[in-house]
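What follows is a set of notes on a single structure, which appears directly below.
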Amino acid sequence: MSEKIVKIGIVKLGCVGASPLLEFLLDERADRGDIKVRVSGCGAKMTESEAEEAAKIIAEFKPDFAIVVSPNATLPGPKRAREVLFEAGIPVIVISDGPAKKAVEELEEKGAGYIIIPADAMIGARREFLDPIEMAAFNSDVIRVLALTGVYNVIYESIDGVIDAIKKGEKPELPRIILNSEKAAEAAGFTNPYAKAKAIAAFEMAASVAKLTTTACFKIKEWERYTLLAAAAHEVMRYAAKLADEAREIEKYGDTVTRRPHSKKGEILRKKKLIEKPQRG
């Protein structure tokens, strides 16, 4: 009897740091045989009509479950994408940033799962400051923070838990996680306490960026002031990425970086030392 192949649909609306690499976290070597993934998106825009179109593409794929990843899951676009998937009877996991906390009650009422990441902070989206290069640089910093502080560990391990349950013919328990710095750092598997402390600090710095960018984008009208605040926010994220990098370097020096690659069958393997084979457990 052949093993069930789990179909995963991903709807990407707008961009958060969890979005660009999401499907690749599940199959980093492109050799995993137990999953089949389809991704649909509508670029930077998050209108209801475009979100609906993107979600319908995934609904037609008939996945075993779907992930909707976007900024601020309370907005009409992400909400409409979820509704399309709910109407098709597809279990939904929402991955979003800090403002999505306001959607938790609604998500739980609908039976949806969620992973909310306060460190995945809003960008400084003011025309006087943000151009394509600044956008790319900011997102590269966010990705580094999420990767090295343990956030990505939480994401892919939570999703792998859902995949594993479906493969066994069980009803999956969808993740319901509001992530904080300590949970993330624990998932990263740091050995050195200084490395863990730096990762916690990096997460907290990244989370603080949202306060600055929200003020710059929505509360201040004078362009000189909001331009300066947006720039300040991006500087904080840049140094958060540097601090996260320092945390990993400490682990490298001790030869204690935790690596959890996927096997071809989708199992999460584990190793600590660079020169050793990954093992189960």
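Annotations
- Tallying residues that are touching a residue at least 60 places away in the same chain (Cβ under 8 Å) and surrounded by fewer than 18 Cβ atoms within 10 Å (Cβ to Cβ) within region 1-24 yields 4.
- For region 259-278, the set of residues classified as closer than 18 Å to D164 by Cα, part of a strand (DSSP E or B) and open to solvent by 70 Å² or more (accessible area, probe 1.4 Å) consists of R270 only.
- Qualifying positions in region 177-196 - touching a residue at least 12 places away in the same chain (Cβ under 8 Å) and over 17 Å from the mean Cα position of the chain (by Cα): G189, F190, T191, N192, Y194, A195, K196
- Taken together, A59, A66, A30 contain a single residue that is modelled with pLDDT of 95 or more and either open to solvent by less than 10 Å² (accessible area, probe 1.4 Å) or of a type in the set (D, E) (or both), which is A66.
- The lone criterion from (1) open to solvent by less than 50 Å² (accessible area, probe 1.4 Å); (2) part of a helix (DSSP H, G or I) left unmet by K196 is number (1).
- Only one entry of E157, E182 meets the criterion of being under 20 Å from L26 (Cα atoms), open to solvent by 30 Å² or more (accessible area, probe 1.4 Å) and among the charged types (D, E, K, R), and that entry is E157.
- L174 meets each of the listed conditions (1) in a helix (DSSP H, G or I); (2) touching a residue at least 40 places away in the same chain (Cβ under 8 Å) apart from (1).
- Under the condition of being in a helix (DSSP H, G or I) and either open to solvent by 10 Å² or more (accessible area, probe 1.4 Å) or closer than 16 Å to T215 by Cα (or both), the residues counted in region 94-133 number 11.
- Taking the listed residues V209, V257, the one that is within 20 Å of E134 (Cβ to Cβ), among the β-branched types (V, I, T) and modelled with pLDDT of 95 or more is V209, with no other qualifying.
- Selection within region 86-101 - within 20 Å of C15 (Cβ to Cβ) and not β-branched (V, I, T): S96, D97, G98, P99, A100, K101
- Any hit, region 226-237, residues being open to solvent by 90 Å² or more (accessible area, probe 1.4 Å) and charged (D, E, K, R): no
The values are calculated or read from the model by the stated rules, or taken from the named source; none is laboratory data. Every value quoted in this text rests on a predicted model; they were computed, and no experiment measured them. All Cβ positions, glycine included, derive from the backbone under ideal geometry; neighbour counts span all protein chains shown. Note: accessible area is taken over every heavy atom of the protein model, side chains too, but ligands, DNA and RNA are not part of it. Shrake-Rupley method; radii C 1.70, N 1.55, O 1.52, S 1.80 Å.
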